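Quick notes on the structure that follows.
Laboratory data are not the source of any read-out in this text; all were calculated from the coordinates shown. A quick note: this is a predicted structure, and the numbers were derived from the prediction, not measured. Backbone-built Cβ (ideal geometry, glycine too); neighbour counts: all protein chains shown.
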Amino acid sequence: MITLMQKFMRRLFGNFFKKKKDIKMGLYGPPNGGKTTLANQVCKDWLGEEMGSVSNVAHETREIQIKEQLTIKSNGKELSFNLVDTPGIATKIDYEDFLKVGMKDGEAKARAKEATKGVVNAIKWLDDMDVVIVVLDSTKDPFTQVNITIVGNLQARDIPVLLVANKIDLKKSDIKRIQTAFPQYDVVGISAKCGNNMDEFYEALFKISR
């Protein structure tokens, strides 16, 4: 029979190890939404270095990238986590799309194969995430099959989510469309490329990581 003291000790050490757990914060979203650009901005702000390469061609990030033990600070508070940048989620990847941007046949087929594998791995990694940041291009219509699928998977897993409306530096940016599409989540507008509104973004991370 478990004594009251044993219950207390279990709870005490259980909470201790829970606090020591490495928080995994994942960047998710469709291709070219700005996930890696945001990851680079966060790493530059707090580590003075970038995390990965970016490109105007979709699926530049095709493998999971992790930056461990990243610590951010805001208003006297600290938050440490492992930042996980994932490949862009897509419902269809066609090698012919890569041919259109100038890739040769073999290169295009290899890119499509790697991108498909990256999407599968990104979805698998959802089960390991403690917090997810969904990065959306605020110049585009958020009501897409990909975005609805991503958000639906997150809701099913009951994972804390922050929506980022990226590219607010562009004229066609419309944060309200994203807020209307997914009213169940907080939305923060930023420009990862220009570093605009990052303070509000960091403050929002503290709120959803409690």
Taking R177, R111, R210 and counting other beta carbon atoms within 10 angstrom, the fewest-first order is R210, R177, R111
Cβ density ranking, 10 Å radius, fewest first, applied to L136, L163 yields L163, L136
Note: E200 to E49 extended length (0.36 nm per residue) minus current alpha-carbon separation gives 52.2 nm
Going through K113/K167; K67/K109; K92/K140; K73/K167 one by one, the pairs whose alpha carbons sit over 21 Å apart turn out to be K113/K167; K67/K109; K73/K167
Taking a straight Cα-to-Cα line shorter than 15 Å from K193, and setting aside same-chain aspartates and glutamates fewer than 8 residues away, one finds D45, E49, E50, D137, D169
R157 neighbourhood, Cβ < 15 Å, K/R = +1, D/E = -1, net charge -2
As straight-line cross-link partners of K117, the qualifying aspartates and glutamates (C-alpha separation under 14 Å, not fewer than 8 residues apart within one chain) are E60, E63, D94
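Could you sort 30-43, 66-79 so that the peptide with the highest average Cβ count within 10 Å comes first and the rest follow in order? The partial results should precede the final answer.
On the way: 30-43: 23.6, 66-79: 13.0.
Sorting 30-43, 66-79 by mean packing, highest first, produces 30-43, 66-79.
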Exposure proxy check on I133, I148, I168: fewest-to-most Cβ neighbours within 10 Å is I148, I168, I133
As straight-line cross-link partners of K24, the qualifying aspartates and glutamates (C-alpha separation under 13 Å, not fewer than 8 residues apart within one chain) are E68, D85, D127, D128, D130
